[in-house]
Amino acid sequence: MPPSPPGYTLPVWVAAAARAAVLALRGEPFLASQPLRLDPLASQQPLAEVPVVAAAPLGEGRAMAVARCEPGDGLDLTRGLVIWVEVRWLPELTPSEGWLQLEAGEGVGVHSQTGEICLSAFARELLEVNLGPLVEPGQALAVRVVFPSGRALAERTSNAAFGVVEGLALIGTQAEVQQSATPDQLERVLKELRQRAARSGFGGDLVVVIGENGLDLAPQLGLPQELLLKAGNWLGPVLVAAAEAGVARLLLFGYQGKLIKLAGGIFHTHHHLADGRAEVLTALAALEGVAGDALHGLYQAATVEQGLAELATSDPAMAERLRRRLARTVEERSMAYLARYGQLQMAVGAMLFDRSRTICGQGPVGERLFRDWGDRDLGGKVGGDT
């Protein structure tokens with residue numbers, strides 16, 4: 001088998017397995033390397049060779065293929081993820097799906113409210129452009145995706161904060177991986193930051209989010225789209241660069257299980273590089289007055305989310321105070337970080353959300369900024385009944 005090409009996102013590997021499965025369904029020879037179009041919108045482009053592990057027919061009208069996700073040299077949760085794709089011919093076209101019906105198997109994320117497979121427009125378009133030439137006019141194809149370890153891996157993500165349950169979402173927006181922990185990614189963020197600050201009419205305001213989830217949720221809360229900057233995990237350098245570029249007011253908007261690291265002085269938030277979340281949580285809880293079994297329970301909790309939820313069940317007022325202390329400490333430690341670099345002129349606020357899409361903590365600066373920029377009528381909650 002040829003070597004795995006580096007840096008491809010999960011939708012690419014799913015598309016490769018799906019194509020291999022359709023070839024098996026058509027009775028064609030197995031190809032260990034599938035030629036794929038990686039840009040669904042480009043009519044003229046070289047095909048990329050993406051390896052798959054195996055493919056075979058399963059009986060009349062059904063076939064399956066297997067691929068293994070290789071996202072490149074950077075740090076990535078999906079490294080080595082085994083992908084199964086089963087395909088089958090459908091008796092007729094479905095009005096809602098057209099010729100391609102996508103199904104979520106075990107370990108694939110679905111929307112909590114609808115039960116429908118959670119995938120990006122790019123993922124669907126990638127499947128359509130690569131499978132379409134193999135499907136005859138009038139035929140309809142069902143594609144069922146399975147991630148055998150997807151349910152367990154999803155517990156290490158914040159997908160549930162955006163209504164995605166039961167597994168990993170298929171939400172890549174491009175073919176090549178953009179590593180959030182690499183220096184190249186930081187350089188791209190800093191370049192965009194400087195370009196924004198240099199534009200005519202720049203007002204000095206900025207909302208920094210860590211990843212795609214925060215980027216998706218922030219505008220739903222009324223935070224202006226034009227203020228949003230996806231920083232990845234390099235929050236420390238981005239804070240300093242923002243102050244140097246003339247940003248006057250900056251809001252850190254993120255999942256509480258990520259931003260808690262800043263309260264402990266950890267300003268690169270990738271989980272492979274630094275953690276300490278349990279220690280930070282229990283230290284802040286002790287300062288707030290939590291003691292005994294409750295404090296031990298916070299330390300032993302599997303996640304920050306779980307620990308705070310259990311505390312809220314037994315002592316809601318204490319949990320509320322702890323979340324506020326957490327957000328306030330993020331603000332204070334961010335200002336202390338800036339002071340180390342002689343940057344004291346920028347106000348930094350913090351706004352945290354939990355897995356139920358609820359704003360669960362705001363520091364005093366973050367609360368003021370959200371009053372100025374956000375939609376207060378939303379009540380801090382977006383979508384769903386959770």
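Return the residue satisfying two criteria in turn: it lies in region 205-225 and is touching a Lys or Arg at 6+ places or on another chain (Cβ under 9 Å) and part of a helix (DSSP H, G or I), and of such residues it is farthest from GLU187 (Cα to Cα).
Taking the candidates together, the pick is GLN220.
For region 270-277, state whether one or more residues are closer than 28 Å to ARG371 by Cβ, among the acidic types (Asp, Glu) and in contact with a Lys or Arg (Cβ under 8 Å, 6 or more places away or on another chain).
No, that holds for no residue.
Rundown of residues vs (1) among the basic types (Lys, Arg); (2) touching a Phe, Trp or Tyr at 6+ places or on another chain (Cβ under 9 Å); (3) within 25 Å of LEU251 (Cα to Cα), yes/no style:
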{"position": "ALA278", "(1), (2), (3)": "no, yes, yes"}
{"position": "GLU288", "(1), (2), (3)": "no, no, yes"}
{"position": "GLN300", "(1), (2), (3)": "no, no, no"}
{"position": "LEU311", "(1), (2), (3)": "no, no, no"}
{"position": "LEU322", "(1), (2), (3)": "no, no, yes"}
{"position": "THR329", "(1), (2), (3)": "no, no, yes"}
{"position": "TYR337", "(1), (2), (3)": "no, yes, yes"}
{"position": "TYR341", "(1), (2), (3)": "no, no, yes"}
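Exactly one condition in (1) in contact with a Phe, Trp or Tyr (Cβ under 7 Å, 6 or more places away or on another chain); (2) at pLDDT below 95 is not met by ILE83; state its number.
(2)
In region 339-364, which residues are crowded, with 21+ Cβ neighbours inside 10 Å and among the aliphatic types (A, V, I, L, M)?
MET346, VAL348, ALA350, MET351, LEU352, ILE359
Specify the residue that is surrounded by the fewest Cβ atoms within 10 Å (Cβ to Cβ); the eligible residues are those in region 1-34 that are of a type outside the set (Ser, Thr, Tyr), modelled with pLDDT under 90 and within 28 Å of the chain's Cα centre (by Cα). Let's see the steps before the verdict.
Quick first cut of region 1-34, residues of a type outside the set (Ser, Thr, Tyr) only: 1-3, 5-7, 10-32, 34.
From the residues that got through so far, the ones that are modelled with pLDDT under 90 too are 1-3, 5-7.
Then drop every residue that is not within 28 Å of the chain's Cα centre (by Cα), which leaves 3, 5-7.
Details: PRO3: 9, PRO5: 16, PRO6: 12, GLY7: 17.
Of everything passing the filter in region 1-34, PRO3 is surrounded by the fewest Cβ atoms within 10 Å (Cβ to Cβ).
In region 35-46, how many are free of Cβ contacts under 8 Å to residues at least 40 places away in the same chain and surrounded by 13 or more Cβ atoms within 10 Å (Cβ to Cβ)?
Qualifying residue count, region 35-46: 1.
Determine which member of the set LEU259, LEU223, LEU206 is under 17 Å from ILE359 (Cα atoms) and buried (at least 23 other Cβ atoms within 10 Å of the Cβ). Lay out the reasoning, then the answer.
Working: LEU223 fails: buried (at least 23 other Cβ atoms within 10 Å of the Cβ); LEU206 fails: under 17 Å from ILE359 (Cα atoms).
Selected residue: LEU259, the only one of LEU259, LEU223, LEU206 that is under 17 Å from ILE359 (Cα atoms) and buried (at least 23 other Cβ atoms within 10 Å of the Cβ).
When region 109-127 is examined, which residues are found to be aliphatic (A, V, I, L, M) and part of a helix (DSSP H, G or I)? Full working, then the answer.
Step one: list which residues in region 109-127 are aliphatic (A, V, I, L, M), which gives 110, 117, 119, 121, 123, 126-127.
ALA121, ALA123, LEU126, LEU127 - these are the residues of region 109-127 that are aliphatic (A, V, I, L, M) and part of a helix (DSSP H, G or I).
Restricting attention to region 103-123, and to residues there that are surrounded by fewer than 20 Cβ atoms within 10 Å (Cβ to Cβ) and among the β-branched types (Val, Ile, Thr), which single residue is modelled with the lowest pLDDT?
THR114
The values are calculated or read from the model by the stated rules, or taken from the named source; none is laboratory data. A quick note: this is a predicted structure, and the numbers were derived from the prediction, not measured. FYI the Cβ positions are ideal-geometry reconstructions off the backbone, even for glycines, and counts take in every protein chain you see.
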